[in-house]
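Student: The structure is given below, and queries will be raised subsequently.
The values are calculated or read from the model by the stated rules, or taken from the named source; none is laboratory data. Predicted, not measured: the structure shown is a model, and the values here were computed from it. Cβ: placed from backbone, ideal geometry, glycine included. Neighbour counts: every protein chain shown.
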Amino acid sequence: MRFQKINKITQTLLALFCLTGMPTLASADTAKPFIIGGFAFGGETLVSTTGEDLDAGGFIYAGAGVMFEPDHSELMYQISLGYKFDTVEFTGPNGDSTVSVIPVDAVAFYKIDNLRLGAGLAYFLNPKWELCVDGTGCGTANFDDALGLVLELRHQWTDILFWGARYTNVDYEIGSSTLDASNLRIHFGMVF
């Protein structure tokens, strides 16, 4: 079952790149690896404490990928793999809770000077919510892998540094239940 889902997302990502002009890439010189990190806010609240909430949209994001910038083109493409998580501790009763997911995305960007306007798809592997309460034990909700839509605005500071804001629209499902994990992410990155 999991391999069928991975195969579907691979086909979807390949189709996205084929339809948006991936064949225009002239050489491997256009491929640039990058790292990215940021903070995401949003989604349904899973745990609410006096100090902070745990939201389905996660909080801390780190990832890496490859950008493709064809020469003499106003388009740019990227694929990336990341890890997003958040955790909270609470008292009365004592415990902690964590949400985590592995996002894989493919985004096509239109370049306007130092700005990049992007749209694409993100596939969320292994969305998980764990709740542990002292004296009771832990429970884990393993949601189905999910496909989401991505919109991004990015500013290229220099040839190697960028920052951006990304909106992701995604729902996680488990059985007949749906959890809104849509979020807004602010991130910074570096191209090599």
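Student: Restricting to segment 160-182, and then to whatever is among the β-branched types (Val, Ile, Thr) and buried (at least 20 other Cβ atoms within 10 Å of the Cβ), can you tell me which residue is nearest to the chain's Cα centre (by Cα)?
Tutor: Narrowing segment 160-182 to residues among the β-branched types (Val, Ile, Thr): 160, 168, 170, 174, 178.
Add one more test, that the residue is buried (at least 20 other Cβ atoms within 10 Å of the Cβ), and what stays is 168, 170.
On the way: Thr168: 8, Val170: 10 Å.
Ranking the qualifying residues of segment 160-182, first place goes to Thr168.
Student: Of all residues being among the hydrophobic types (A, V, I, L, M, F, W, C) and without any contact (Cβ under 8 Å) to a residue 40 or more places away in the chain in segment 99-124, which is nearest to Phe39 (Cα to Cα)? Just the residue, please. Outline the logic, then answer.
Tutor: Restricting attention to segment 99-124, the residues satisfying the condition of being among the hydrophobic types (A, V, I, L, M, F, W, C) are 99, 101-102, 104, 106-109, 112, 115, 117, 119, 121-122, 124.
From the residues that got through so far, the ones that are without any contact (Cβ under 8 Å) to a residue 40 or more places away in the chain too are 102, 112, 117, 119.
Numbers: Ile102: 15, Ile112: 25, Leu117: 19, Ala119: 19 Å.
Selected residue: Ile102.
Student: Given the options Ile60, Ile35, name the one that is of a type in the set (A, V, I, L, M), closer than 22 Å to Thr168 by Cβ, within 11 Å of the chain's Cα centre (by Cα) and surrounded by fewer than 18 Cβ atoms within 10 Å (Cβ to Cβ).
Tutor: Result of the check over Ile60, Ile35: Ile60.
Student: Turning to a different aspect of this structure: Can you tell me how many residues in segment 145-173 are of a type in the set (Asp, Glu) and touching a residue at least 40 places away in the same chain (Cβ under 8 Å)?
Tutor: Taking segment 145-173 first, the residues of a type in the set (Asp, Glu) are 145, 152, 159, 171, 173.
Retained after the next criterion (residues that are touching a residue at least 40 places away in the same chain (Cβ under 8 Å)): 145, 152.
Summing the residues that are of a type in the set (Asp, Glu) and touching a residue at least 40 places away in the same chain (Cβ under 8 Å) in segment 145-173 gives 2.
Student: Within the bounds of segment 136-143, is there any residue that is over 21 Å from Phe59 (Cα atoms), surrounded by 20 or more Cβ atoms within 10 Å (Cβ to Cβ) and not polar (S, T, N, Q)?
Tutor: There is no residue in segment 136-143 that is over 21 Å from Phe59 (Cα atoms), surrounded by 20 or more Cβ atoms within 10 Å (Cβ to Cβ) and not polar (S, T, N, Q).
Student: Can you tell me which residue in segment 88-111 is nearest to Phe41 (Cα to Cα), limited to those that are surrounded by fewer than 16 Cβ atoms within 10 Å (Cβ to Cβ) and at pLDDT below 95?
Tutor: Narrowing segment 88-111 to residues surrounded by fewer than 16 Cβ atoms within 10 Å (Cβ to Cβ): 89, 91-94, 110.
Subsequent filtering for residues that are at pLDDT below 95 retains 89, 91-94.
Working: Glu89: 18, Thr91: 23, Gly92: 26, Pro93: 26, Asn94: 25 Å.
Taking the candidates together, the pick is Glu89.
Student: Mind counting the residues in segment 31-80 that are acidic (Asp, Glu), over 23 Å from Asp113 (Cα atoms), touching a residue at least 40 places away in the same chain (Cβ under 8 Å) and not in a strand (DSSP E or B)? Lay out the reasoning, then the answer.
Tutor: Taking segment 31-80 as the starting set, the residues that turn out to be acidic (Asp, Glu) are 44, 52-53, 55, 69, 71, 74.
Next, only the ones that are over 23 Å from Asp113 (Cα atoms) stay: 44, 52-53, 55.
Checking the rest, the ones that are also touching a residue at least 40 places away in the same chain (Cβ under 8 Å) come to 44, 55.
Going one step further and asking which of them are not in a strand (DSSP E or B), we end up with 44.
Residues that pass the stated criteria total 1.
Student: Which is closer than 19 Å to Ser182 by Cβ and not aliphatic (A, V, I, L, M), of Pro103, Pro70?
Tutor: Details: Pro70 fails: closer than 19 Å to Ser182 by Cβ.
After applying the criteria, what remains is Pro103.
Student: I would also like to ask the following. Could you list, in sequence order, the residues of segment 116-159 that are farther than 15 Å from Met67 by Cβ, assigned to a strand (DSSP E or B) and more than 19 Å from the chain's Cα centre (by Cα)?
Tutor: Selection gives Glu130, Leu131, Cys132, Val133, Gly137, Cys138, Gly139, Thr140, Ala141.
Student: Condition first: modelled with pLDDT under 60, in a helix (DSSP H, G or I) and surrounded by 12 or more Cβ atoms within 10 Å (Cβ to Cβ). Now tell me which residues in segment 16-30 satisfy that.
Tutor: Leu16, Phe17, Met22, Thr24 - these are the residues of segment 16-30 that are modelled with pLDDT under 60, in a helix (DSSP H, G or I) and surrounded by 12 or more Cβ atoms within 10 Å (Cβ to Cβ).
Student: Let me confirm something: among Val66, Val47, which residue is crowded, with 17+ Cβ neighbours inside 10 Å, at pLDDT 90 or above and aliphatic (A, V, I, L, M)? Explain how you work it out, then say what you get.
Tutor: Details: Val66 fails: crowded, with 17+ Cβ neighbours inside 10 Å.
It is Val47.
Student: Is it the case, given these coordinates, that Ile9 is surrounded by 15 or more Cβ atoms within 10 Å (Cβ to Cβ), within 16 Å of the chain's Cα centre (by Cα) and modelled with pLDDT under 95? So that I can check it myself, show each step before the final result.
Tutor: Numbers: surrounded by 15 or more Cβ atoms within 10 Å (Cβ to Cβ): yes; within 16 Å of the chain's Cα centre (by Cα): yes; modelled with pLDDT under 95: yes.
For Ile9, the condition - surrounded by 15 or more Cβ atoms within 10 Å (Cβ to Cβ), within 16 Å of the chain's Cα centre (by Cα) and modelled with pLDDT under 95 - is met.
Student: In addition: With respect to Ser73, is the statement that it is at pLDDT 95 or above and either touching a helix residue (DSSP H, G or I) at 6+ places or on another chain (Cβ under 8 Å) or not basic (Lys, Arg) (or both) true?
Tutor: On the way: at pLDDT 95 or above: no; either touching a helix residue (DSSP H, G or I) at 6+ places or on another chain (Cβ under 8 Å) or not basic (Lys, Arg) (or both): yes.
So Ser73 fails the test.
Student: Something else: Restricting the search to segment 119-135, which residues are at negative phi and either surrounded by fewer than 21 Cβ atoms within 10 Å (Cβ to Cβ) or of a type in the set (S, T, N, Q) (or both)?
Tutor: Ala119, Leu121, Leu125, Lys128, Glu130, Leu131, Cys132, Val133, Asp134 - these are the residues of segment 119-135 that are at negative phi and either surrounded by fewer than 21 Cβ atoms within 10 Å (Cβ to Cβ) or of a type in the set (S, T, N, Q) (or both).
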